[in-house]
Amino acid sequence: MQGYHHILLAVDFSDHSHTVAERAKELSERYQAKLSIVHVTDNLPISSAMDGQIMPFDIELNEELMRFSKQRLEKLGKELGVKDENQWLVIGSPKIEIVTIAEENQVDLIVVGSHGRHGLALLLGSTANGILHHAQCDVLAVRLKE
Ligand code: AMP
């Protein structure tokens, strides 16, 4: 069996993140693969919901969000024994950034969580769905209980 060499764990820091993280860690140990972690901070909205006017991009809020995400990423990295250089924090669209990082770093397995949504949510497409459809490598969707 060929196994995996580089596993990328995608975390959104929701309540279920630890379940996905444990599975990725377990697989990296089983295959003796390198483990990396990625968190993507969504672009902040730039238009006001009240009157539809365009608002200036809030740089301070964005920086605060990045600082907070970095702390959480470092904490998780420590828990999982993932080196700093294998921790990715980026701004953008989660599915695009995760797939891009995977391609640029020879990742052969992406591990994500999946709520197994149906109906409209499935039509609109979840992050897990987007990654599954665009990734060149294998994708493991860890089923999460609501
Ligand atoms: P969702 O489709 O939003 O329910 O997310 C499904 C899974 O995609 C999560 O369990 C994570 O593994 C991954 N994911 C979603 N959003 C992000 C994000 N902003 N950064 C990294 N991974 C994410």
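The values are calculated or read from the model by the stated rules, or taken from the named source; none is laboratory data. Because the structure is predicted, anything quoted here is derived from the model rather than measured. Here Cβ is always computed from backbone atoms with ideal geometry, including for glycine, and neighbour counts include all displayed protein chains. Note: accessible area is taken over every heavy atom of the protein model, side chains too, but ligands, DNA and RNA are not part of it. Shrake-Rupley method; radii C 1.70, N 1.55, O 1.52, S 1.80 Å.
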Looking across the range 29-60 at residues that are of a type in the set (Ser, Thr, Tyr) and within 15 Å of the ligand (Cβ to nearest atom), the single one that is modelled with the highest pLDDT is 36
Per the list (1) modelled with pLDDT under 95; (2) under 16 Å from residue 36 (Cβ atoms); (3) away from the ligand (no atom under 12 Å from the Cβ), residue check on residue 94 breaks on (3)
| field | Test for residue 129: is it assigned to a loop (DSSP other than H, G, I, E, B), open to solvent by 20 Å² or more (accessible area, probe 1.4 Å), at pLDDT below 95 and within 16 Å of the ligand (Cβ to nearest atom) | value | no
Residues of the range 76-116 being open to solvent by less than 30 Å² (accessible area, probe 1.4 Å), among the β-branched types (Val, Ile, Thr) and either closer than 22 Å to residue 62 by Cβ or within 10 Å of the chain's Cα centre (by Cα) (or both), in sequence order, are 98, 99, 101, 110, 111, 112
Per the filter on the range 13-26, residues open to solvent by less than 100 Å² (accessible area, probe 1.4 Å) and under 17 Å from the mean Cα position of the chain (by Cα) are 13, 14, 16, 17, 19, 20, 21, 23, 24, 25
Residue 73: modelled with pLDDT under 70, assigned to a helix (DSSP H, G or I) and hydrophobic (A, V, I, L, M, F, W, C), yes or no? no
